[in-house]
1. Condition test on residue 230, is it touching a helix residue (DSSP H, G or I) at 6+ places or on another chain (Cβ under 8 Å), buried (at least 18 other Cβ atoms within 10 Å of the Cβ) and not assigned by TED's automatic domain parsing to the domain that holds residue 123?
2. Check segment 926-949 and report whether any residue there is touching a strand residue (DSSP E or B) at 6+ places or on another chain (Cβ under 7 Å), touching a residue at least 24 places away in the same chain (Cβ under 8 Å) and closer than 17 Å to residue 689 by Cα.
3. So which of 975, 1023 is within 30 Å of residue 374 (Cβ to Cβ) and crowded, with 17+ Cβ neighbours inside 10 Å?
4. Tell me which residues, restricted to segment 367-378, are surrounded by 22 or more Cβ atoms within 10 Å (Cβ to Cβ) and part of a helix (DSSP H, G or I).
5. So in segment 895-911, with the set limited to residues that are touching a helix residue (DSSP H, G or I) at 6+ places or on another chain (Cβ under 6 Å) and farther than 24 Å from residue 178 by Cβ, which one is surrounded by the most Cβ atoms within 10 Å (Cβ to Cβ)?
6. So, residue 1084, is that one assigned to a helix (DSSP H, G or I) and at pLDDT below 55 or not?
7. So which residues in segment 1147-1186 are surrounded by 18 or more Cβ atoms within 10 Å (Cβ to Cβ), under 42 Å from the mean Cα position of the chain (by Cα) and within 23 Å of residue 981 (Cβ to Cβ), if there are any at all?
8. Please go through segment 979-1001 and give me each residue that is farther than 30 Å from residue 924 by Cβ and touching a helix residue (DSSP H, G or I) at 6+ places or on another chain (Cβ under 7 Å), ordered by number.
């Protein structure tokens, strides 16, 4: 389910955002005295009815192509309606097709905006219950809600605005809500009214009526960072007596959340409409221009350059012709300079020339240039954008409907959310998260370390190991349970208490059972583990948590209530969470869990033998790929507890610097901890992860894993998924001081990049970037030496797992691949310095596997940016993740892929493509990506090719008409050219596939076609341009050479007859070229191309050859139909269409045998001339791609192919020849 955030605009319609004072909201407000806040109306639409046409039309002219045709229309008007120059084409011939294209685009834009209007109306007119100050209920619409109103919300009702909870039907003002539409998390959140507040006590004289402004709520002003955050709320509730209570995030229901498990909630509205936190967090997805789009824009510039060259040459030749032939051209209205007398001209010329407009000199360059600029305007196809949009929509539909990428357990198909579908076929780097992306994010408690003893099995599921080979002894988890209830293990008892009480899990009862709603799978697994050892969480409310403590041996259990005094949420700075508990005996204890690094820093017993053993166990757990947490506690005396709770209450109710004060309060309590043990949780790899990673590596794609897990866990996951392979040399960039990190990086860089390569004469892209960041003008190697000289090698470098540059160089020289592991704490000292980032990439670029551990979300995004900065040309990068911490890198990468996991929908909502499992990435890239890139390449190159061929014929014709700018074709046929030649290539863009899907996935090296842009590189473009020149000469030359003998019926003919004949041959040849470019030749009624359908299902309508031939025939019959209709009297007589010169032309031309002869012969010759060299080359020097296409045709999935496992020579040929 898409988040509501994705439907909101990007804070484009904010109101009242300039206030700097805290917002004060009287509750209930006096409706007769408006407070001046905005209403609750919001809209996602873009246009109003009165501004749709001008704004949408202006938006269409942001496209380079549309701008070009608008300029050409204006130039034609100048040539038609002014004496500046003579336009060979009437402006109406470009105005009409441009209008059609714009109307199609405007219709699409208008329909989409109309749907947004309807969705907005449906939301704005939802009903909600308002409570008046007298307690009466009345139904109002969402759009009528105002700040200061009291609302009554029922169970499963969506919250229409940001409201502060004042009362609920549950005891102590408790309620639950679901925030899936806000943050994507599906677990229930616990909310409550401000502690100590009683709404009934605010009534007037103990009655039921609330006076106006009985209470006042102060909160953050709109426009501040705190007000926009969905995780913070700084507020104060002032009661009638003047007492103030703190309002925290737990006291607020945000717009978009849903009330759950609560019959009734009364709340006061504090933010409405575009000032709600939901609207403030409606992120605008960065606009990403696909590589194909960039190539199209560049191609338009190149084609325009060639067009200008043609115009310049034509204008020069026109002037030269007129200078040489002006004297003898009286019939054209020219006279020699000496013949200036009007009487002389009248006496020497024929009577029929007497009314001619005489000129005595040739045209200048500029008017001639404009004439040819108009004549050749069709060098850019007006239908290009429409064609690309149609093909792209079909590509997106194929992804959406591919049953091979459908995940039934969560009813999740693949979803194309962006038009950058062709970039999927050009990926060079993949950056992947680990948890929930490579792994299942289904946590299973495996084992724990308590009092120096391991309980449970740390080995992967299904793995059996000889007990004598285990590095540490372990005992079954039942032994820990037995020791706890036999009162033999005090540490075990406290360990179980921390597991069962230190969390934010909500208990929900369904069908008579208990369901834990946890904010993360880790917490759910730990609470479930506590239940396995006899400490079962059975309820949680404002009074605290009830734990059902069982007895060993199946004896009766007892429920014990632990009072929850405070909870310190997890944050990225502390990397801990803690809960203050008052035990039944009145004792106060802080229960804490967190990352080992953060817990050991504040531990009182960090040097004890038990903790030392636990540290060894943690390393062992991490090597098995398990996720670890350390548990601890601290006892408080009554005085300490009272003092801390006072500090906590003050921090919680503060409005200024609320977050910092709350964190400082937590830090003050989380010290001098007693470490009690550690947990290890297994997060198994998803199905197909190793195979997918192996396949993308074989496709030549570089794969980086970026994770927040500890180093050992990340390494083991890298090994288990096949990224880090057996025999790889492991190098690390370890955390530490800035000088230590810089010394390591210098050592690595000097080992990977030889001094010769570091010199300016032989720099790689990373070195060049590095050189630009260094102030001195010495070589890079000297600069590195200078930096190394300023830092000393630490004495314990080897013991910390750091290889010296010399040792590393020897290891690399010995052969083998290298795996590079960098820590987030080291990146903190690298990312602020440009030259260090360049060195980091220089090292990573030389490694076969790269893993970043303990990486923060911002560091993940910076690593993606680093690759995009220091790889030249800029590579196409893909980032894939499943959680909110992956959004940064997903949006930073050229292609973002979100996995619908258990951590919400944030990644999916920020992505370009959404899938349910990592293994689907293989098909997304190797099948859809490769097909899409190859299809779109043909569509775009052909679109430019066919129009360039036409311009060539016009250019050649002007040799026969003195370069006067006379068009060879009727101007209306000329303008309709794209309508006759576009449909067949659309079929190519929709159905073309050179190899089958199975073959493409079994032979990943074929992906190089898009990764190296081989279908649209300079070589391919030059090939198409050369072919266009040759075909233009053939299409014009054959009729030209045979022109004297074209009369086969005794009838005369003019150049318009001949031009129409050439035009028919041109359209025939261009549509035949489409068939020449296909790689899919199947019989009608063959197996359908619809992705994901069952094998063997037949459907002729999806058959590529059937559709292509059909559209080819349709285009030709459409041409004949237009010729016949256009040449009839009603149309030929229209002044805007002509002056009867085309009357009966269609019947005349189509009735001539020579027309059909040229229409058949010319495409045949052009096809043979264009294809024969390639056929001979492929026959005697076949590339691996051609062999693969043939093998796929002959052997299906290629069971007998020549390159099942391509050798190095195969790959070399692929790089050099394809």
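The values are calculated or read from the model by the stated rules, or taken from the named source; none is laboratory data. No experiment lies behind these values; they were computed from the predicted model shown. For neighbour counting, all protein chains shown are included, and Cβ atoms are generated from backbone atoms with ideal geometry for every residue, glycine included.
1. On the way: touching a helix residue (DSSP H, G or I) at 6+ places or on another chain (Cβ under 8 Å): yes; buried (at least 18 other Cβ atoms within 10 Å of the Cβ): yes; not assigned by TED's automatic domain parsing to the domain that holds residue 123: yes.
Spelling it out, residue 230 is indeed touching a helix residue (DSSP H, G or I) at 6+ places or on another chain (Cβ under 8 Å), buried (at least 18 other Cβ atoms within 10 Å of the Cβ) and not assigned by TED's automatic domain parsing to the domain that holds residue 123.
2. no
3. 975
4. 368, 371, 372, 373, 374, 375, 377, 378 - these are the residues of segment 367-378 that are surrounded by 22 or more Cβ atoms within 10 Å (Cβ to Cβ) and part of a helix (DSSP H, G or I).
5. Ranking the candidates gives 896 first.
6. Here the answer is no, as residue 1084 does not meet what is asked.
7. 1170
8. Answer for segment 979-1001, where residues must be farther than 30 Å from residue 924 by Cβ and touching a helix residue (DSSP H, G or I) at 6+ places or on another chain (Cβ under 7 Å): 980, 981.
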